[in-house]
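Worksheet for the structure shown next.
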Amino acid sequence: MTLSFAVGDLRIDRIIEQELPGFDPFQFLPTLTPELLEQNRHWLEPLSLDPATGLFIFPMQSYVIRTGRHTILVDTCVGNHKDRPTRPAWHQKTDTTYMDALARAGLSVEDIDYVMCTHLHPDHVGWNTWLLDGRWVPTFPNAKYLFSKKELAHWTARNAEAPVPYMVDSVLPVVAAGQVVEVASDHAFDDTLHLEPTPGHTPDHFAVHLTSNGAEAVMIGDMIHSLLQCRHPDLIAAPDVDPEQAKATRIAVMDKYCETDTLICSAHFRSPSIGHFVRWGEAFDFQFRQA
């Protein structure tokens, strides 16, 4: 399990909150057939598909980028004390796993300069806030939180129609605290980091592209969830707001980076989660980079 690695002169750490069975394959990938799952079971088990429960295993993780000038946290997982009754493993958690992982990477909440959320879904914004004296407050007091302007507007509007719990507890309190910077999904942060639009899973999902000393990496967020979607890109994910756009995006991104040296840092592929897109017939596969 690779937890710390380099991209050129940048240090990257994986901050893992959970890596548990928890997603029914046929609910999560509604166009998946039992026959197709059986054809792939031998290589999915036991690390991506749990033999005991039959459930997908998806890590919940963040990436920390240290540039020498800034410490940047990409996505913030599930969080504690969050009301998520449809996800038992996320619901009202009180564990120290996430903060312990930050500490093992030599970091405290005060050390984070920027938080970048690839999109605004509950498992990518959870540690944006924590509960302090009965109030949701920003977890990272010195950080600016970079959200896509279009993405934030979309979910804020949805929340105005009917409360979206994770917006209420994990996004809007950061807005109210004045710590949010709204950006376009192709925003150039500095010479080492720029955003790449990868819409479809959500209206303005973005990837985070790193460049340093001749090396490149892309943190793809939820552009693709399951390894099955590499070999079978037609498989849609139930949470995709625009399934056709999501499909077009993942095919385009896999094609762009396939058989290149660009390191792909996935959100939900099983550990070690990082590697390269490679060809698999007319489709793609993922070749993990080991420690």
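Computed from the coordinates by the stated procedures, all read-outs in this text should not be read as laboratory data. In this text, all values refer to a predicted model and were calculated from it rather than measured experimentally. When we count neighbours, we look across all protein chains shown, and the Cβ atoms used for this are built from the backbone with ideal geometry, even at glycine.
On the basis of being without any contact (Cβ under 8 Å) to a residue 24 or more places away in the chain and either over 28 Å from residue 286 (Cα atoms) or part of a strand (DSSP E or B) (or both), does residue 92 make the cut? So residue 92 fits the description; yes.
Each residue in segment 271-285 was checked for being over 18 Å from residue 248 (Cα atoms), in contact (Cβ under 8 Å) with a residue 40 or more places away in the chain and part of a strand (DSSP E or B), and 1 of them qualify. Put simply, of 229, 290 the only residue that is touching a residue at least 60 places away in the same chain (Cβ under 8 Å) and surrounded by fewer than 16 Cβ atoms within 10 Å (Cβ to Cβ) is 290.
In segment 113-209, counting only helices (runs of 4 or more DSSP H) that sit wholly within it, the ones holding 1 or more residues that are farther than 15 Å from residue 82 by Cβ span 149-161, 172-176.
Listed conditions (1) crowded, with 16+ Cβ neighbours inside 10 Å; (2) under 24 Å from residue 179 (Cβ atoms) are all met by residue 58, apart from (2).
Counting only residues that are in contact (Cβ under 8 Å) with a residue 40 or more places away in the chain and among the acidic types (Asp, Glu), segment 41-62 holds 0 of them. For residues in segment 169-191 being more than 18 Å from residue 206 (Cα to Cα) and without any contact (Cβ under 8 Å) to a residue 12 or more places away in the chain, which is surrounded by the fewest Cβ atoms within 10 Å (Cβ to Cβ)? The residue in question is 178. Close Cβ contacts (under 8 Å, 6 or more residues apart or on different chains) running from residues in segment 69-86 that are without any contact (Cβ under 8 Å) to a residue 12 or more places away in the chain to residues that are part of a loop (DSSP other than H, G, I, E, B) comprise 85/91.
Do any strands (runs of 3 or more DSSP E) entirely within segment 1-68 hold 1 or more residues that are basic (Lys, Arg), and if so, which? Result: 10-23, 56-66.
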